[in-house]
1. Might you let me know whether the range 30-42 holds any residue that is polar (S, T, N, Q), in contact with a Lys or Arg (Cβ under 8 Å, 6 or more places away or on another chain), surrounded by fewer than 21 Cβ atoms within 10 Å (Cβ to Cβ) and modelled with pLDDT under 75?
2. Of all residues being crowded, with 20+ Cβ neighbours inside 10 Å and hydroxyl-bearing (Ser, Thr, Tyr) in the range 115-141, which is nearest to Gln11 (Cα to Cα)? Just the residue, please.
3. Can you tell which of Asp79, Asp94 is surrounded by fewer than 18 Cβ atoms within 10 Å (Cβ to Cβ) and farther than 20 Å from Trp17 by Cβ?
4. When you check Arg92 against the structure, is it farther than 22 Å from Val147 by Cβ and modelled with pLDDT of 70 or more, yes or no?
Amino acid sequence: MTFAFRETMTQNEFFDWAEAQDMRHEFDGFQPVAMTGGNLGHSSIISNISNINFELRSSLRGKSCKPLGPEAGVATVGDTVRDPDAVVTCTRFDPRDRVVPNPVVVFEVVSPTSGRTDRIVKLHEYQAVPTIRRYVIVESDSVAITVLSRDHEGEAFRAAGLTEDDTLDLPEIGIEIPVAAIYEGLAFGEAPGA
């Protein structure tokens, strides 16, 4: 059996390469990884995240925090660059920067194929970034959100689950978002045409 050998990229080589691509990619520290959706629920939630970014921008107008995404890179461990579905920073930045400085809140929408990466790999990577205070994992096949927030010592993440009647509290940026807004227009478990 033969394997194709690929040279590893540097972070800057990845950014140069990614700018010429038609689809989103993350950088695992060695090579690009394509970011794919998977189903209409995932796509709808990503659209709702865009609406939430709009709401965040409106709510944060005139304040120091700014929502970005879904094409804003977050540097994690080593040379790894993740491309969360939404991210908030409260640090000023140059528009030419390639990674978000001091990310505070990160959103990932789980696709049918990204669950392990989002729940395990990215959890460890985001936890290694001390400025990330809250990591929000949004499920795409049911109304469920896992919120991982820093403990009082700022070390480990504590997990909390949210469902449709809950509100996502983001005290780091002074915002609250109803979970129902994230899932607006989606009905899980209903028969087609119901």
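1. yes
2. Tyr126
3. On inspection, the qualifying residue turns out to be Asp94.
4. For Arg92, the condition - farther than 22 Å from Val147 by Cβ and modelled with pLDDT of 70 or more - is met.
The values are calculated or read from the model by the stated rules, or taken from the named source; none is laboratory data. Here the structure is a predicted model, which is why all the values come from computation and not from measurement. Cβ: placed from backbone, ideal geometry, glycine included. Neighbour counts: every protein chain shown.
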